There are 2 protein chains.
Amino acid sequence: MTAPSEEDRGKRASAWFQELRDDLCAALEEIEDALIGPNTTSDRPPGRFERTAWRRGDDGGDNGGDAGGDDGGGGVMSVIRGRVFEKGGVNVSTVFGEFSEEFRLRVPGAAEDSRFWASGVSVVIHPCSPLVPAVHMNTRMIATTREWFGGGADLTPVFPDALDTGAFHEALKGACDAHDAAYYPRFKKWCDEYFFLPHRGEPRGVGGIFFDDLASGSWERDFAFVQDVGRALLEVYPRLVRRHMDQAWTEDQRRAQLVKRGRYAEFNLLHDRGTVFGLKTGGNTEAILMSLPPLTMWP
Amino acid sequence: MTAPSEEDRGKRASAWFQELRDDLCAALEEIEDALIGPNTTSDRPPGRFERTAWRRGDDGGDNGGDAGGDDGGGGVMSVIRGRVFEKGGVNVSTVFGEFSEEFRLRVPGAAEDSRFWASGVSVVIHPCSPLVPAVHMNTRMIATTREWFGGGADLTPVFPDALDTGAFHEALKGACDAHDAAYYPRFKKWCDEYFFLPHRGEPRGVGGIFFDDLASGSWERDFAFVQDVGRALLEVYPRLVRRHMDQAWTEDQRRAQLVKRGRYAEFNLLHDRGTVFGLKTGGNTEAILMSLPPLTMWP
């Protein structure tokens, strides 16, 4: 068997991101059906993901993407507004084009040739219940004159629970350890450093893993790793949700959730590289800002 | 009469910012008393500003301010959570120290000597009623090896009203025209360009004025101008509030307000120079982010 061409690698990565999207959406819709109560959202109908396709350059905003003739691609947003998941987005996108002068100096392999190709899946879930943790997961493959993967997953509870935190980290550790014993400690630390709000002196949540510039020398191996990270999230997050979704919550807990969501919005708008990258490379504004929480409070 | 020393100029500017703060707070508290109805907030007690002093470096966050031995200063937040004004902040601060290497190259007159002194007043009001426009006003004096004023005022209605917009612009035009016929057209255009969300392709509100690096050659003249801008806001904004505060609003209008506030948060966290300047120079996080809206929605 010959090594896959760059194009085949891109196609395989994109196809996997879509497959993971399908599996995640199905798992979350099952949870919407499974809710019993006793909270005020329980008598709403189960939520379903709605898909909206976008093409690059179709939205009204000018993101400084300076889309030239060869810029293109697009994506599909899948958004749920349900009774367990107040707002959840599972977005896939594949875009290509040329980096602006400002950007090419900051992206590996783009100084020599400004062309890029990027494909990814991005998941952000804001549950109704303040007892159910919010979650984020993202994986992307980027190709310039180099090729690499980046991504991560992190959990943001309003009220951290040691068992939830343990199960979440255990699942990610399992995905990491199957590939390289050095991954988990390194990527966990990277996550703690990355998902941190310096102006608040506090972490975004209870961590997880974060990695970038992953190019071990074997694309097959790296691709297998990011697939396992996706599967780990698919396995663990539904369990955490089901553990808490039928517990009653109070108005005070709900209020604490809205305040915590404010911190989440601060992180994404002030610090998140993916948000800045997306907005500056002509990504779709609605898709990028889908990560922002539904109802939020800065009291 | 001899020209005032730099220190006297700083003291006079700071004293004026505090005087404007006192006058604005008094005017807004009078409005809290004057509310009649018929909205759900009308039966709450009239709100009052609460003051909290802070010293630089006292908050938990590490803002990258890298405060050296000579860094210092502080400020006073005045915050109201009332029945007309859901959340309003009128903050004054006077800080000094040394810019970081990153910053000094971007600030006029700081390349030669990294020391700075800055004093200002900042006003952001988020009303309860979606029919009452939100407003922002800010003036600051900054001294490095140079000295200048910056500031501005802009109005953010949920449902723009031609009479409100006209009155607001007229008041600012009056303040400008009393000093230089070129100011208003120039500063209005600057405002339109500055308070714009490129990723949304939409302005933050209906504009006003924005200016920076104001150093005409006469500090007295520039100081008189920024005072007139403050007085213009003090005169016009209460009229706009009183015009609408007793009008009934609907749930749909309230929802539109929460969505509009999301845009406001996006602007402040993604684009606002004052926010970035403050967070990066060791300003007080709570005071800086006081501008963020109380209840906000990204549906």
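Largest to smallest in accessible area, the residues B:Asp164, B:Asp23 fall in the order B:Asp23, B:Asp164 (1.4 Å probe, all protein chains included).
If you line up the long axis of helix A:6-34 against the longest principal axis of chain A, both from Cα atoms, how many degrees apart are they, to the nearest 10? Long axis of A:6-34 versus the principal axis of chain A: about 10 degrees.
For chain B, set up a Gaussian network in which alpha carbons nearer than 10 Å are linked by springs, and say which option among B:Gly37, B:Gly217, B:Gly274 fluctuates the most. Top of the fluctuation ranking is B:Gly217. Taking label positions 7 Å along the Cα-Cβ direction at both A:Asp43 and B:Ala15, the computed distance is 6.4 nm, reported to one decimal. With label points set 7 Å from Cα along Cα→Cβ, the inter-copy distances at B:Asp213 are 3.5 nm, sorted shortest first. Counting only alpha carbon atoms, the long axis of helix A:219-244 and the longest principal axis of chain A meet at about 10°.
Taking all protein chains as shown and a probe of 1.4 angstrom, B:Ser14 keeps an accessible surface of around 20 Å². Along the charge dipole of the stretch A:184-299, which of A:Gln257, A:Pro198, A:Thr275 sits closest to the positive end, that is, farthest toward it, with unit charges on the beta carbon of Lys, Arg, Asp and Glu (+1, +1, -1, -1)? The Cα lying farthest towards the positive end belongs to A:Gln257. Applying 1/(1 + (r/R0)^6) with r as the Cβ-Cβ distance of A:Asp113 and A:Phe159 and R0 = 45 angstrom yields a FRET efficiency of 0.40. Shown for A:Val76: label points 7 Å from Cα along the beta-carbon vector, and their distances to the equivalent points in the other copies, 5.9 nm in ascending order.
Shown here for the stretch B:126-179: trypsin sites (Lys or Arg not before Pro) in loop regions (DSSP other than H, G, I, E, B) with at most 16 other Cβ atoms within 10 Å, namely B:Arg146.
In chain A, the DSSP-assigned H stretches of four residues or longer account for a calculated mean residue ellipticity at 222 nm of -13000 deg cm²/dmol, using -39500 (n - 2.57) per stretch and the full residue count as denominator. Within the listed set B:Arg55, B:Arg106, B:Arg261, the residue fluctuating most in the Gaussian network model of chain B (springs between alpha-carbon atoms under 10 angstrom) is B:Arg106. Closest approach of a chain B beta carbon to the axis mapping chain B onto chain A (residue, whole Å): B:Leu269, 2. Restricting the chymotrypsin sites (Phe, Trp or Tyr not before Pro) of the stretch A:225-299 to loop positions (DSSP other than H, G, I, E, B) with no more than 16 neighbouring Cβ atoms within 10 Å leaves nothing. With no solvent and one equal point scatterer per Cα, compute the Debye intensity ratio I(q)/I(0) for the protein assembly as shown at 0.11 Å⁻¹ and report its log10, rounded to two decimals. Evaluating at q = 0.11 Å⁻¹ gives log10 I(q)/I(0) of -1.12. Distance between the modelled labels on A:Leu105 and B:Arg106, one decimal in nanometres: 1.4 nm (7 Å Cα→Cβ projection). For the Cα trace of the stretch B:160-234, dividing Rg by the Kirkwood Rh returns an Rg/Rh value of 1.00. With N counted as the residues of chain A, its alpha-carbon radius of gyration over 2.2 N^0.38 Å works out to 0.98. Computed over the alpha carbons of the stretch B:227-297, Rg followed by Dmax gives 15.5, 43 Å. Relative to the longest principal axis of the Cα atoms of chain A, the long axis of helix A:183-194 makes an angle of roughly 80 degrees. Take the residue pairs A:Lys280/B:Lys280; B:Lys260/B:Lys280; A:Lys188/B:Lys260; A:Lys188/B:Lys87; A:Lys280/B:Lys188 and return only those whose Cα atoms are more than 29 Å apart. Check vs 29 Å cut-off fails for A:Lys188/B:Lys260; A:Lys188/B:Lys87. The label point for A:Asp22 and the one for B:Glu251, both projected 7 Å from the Cα toward the Cβ, are 3.9 nm apart. Every Cα-Cα pair of the stretch B:93-183 was included, and the share exceeding 18 Å stands at 60 percent. Just report the Cα centroid separation between the stretch B:229-283 and the stretch A:233-277, whole Å. Comparing the Cα centres of the stretch B:229-283 and the stretch A:233-277, I get a distance of 26 Å.
Each copy carries B:Pro160; placing its label point 7 Å along the C-beta direction from Cα gives inter-copy distances of 4.7 nm, listed from smallest up.
The values are calculated or read from the model by the stated rules, or taken from the named source; none is laboratory data. On a predicted model such as this, the values are computed, not experimentally measured, just so you know. Backbone-built Cβ (ideal geometry, glycine too); neighbour counts: all protein chains shown. Ligands, DNA and RNA are excluded from the accessible area calculation, which covers all protein heavy atoms including side chains. Shrake-Rupley method; radii C 1.70, N 1.55, O 1.52, S 1.80 Å.
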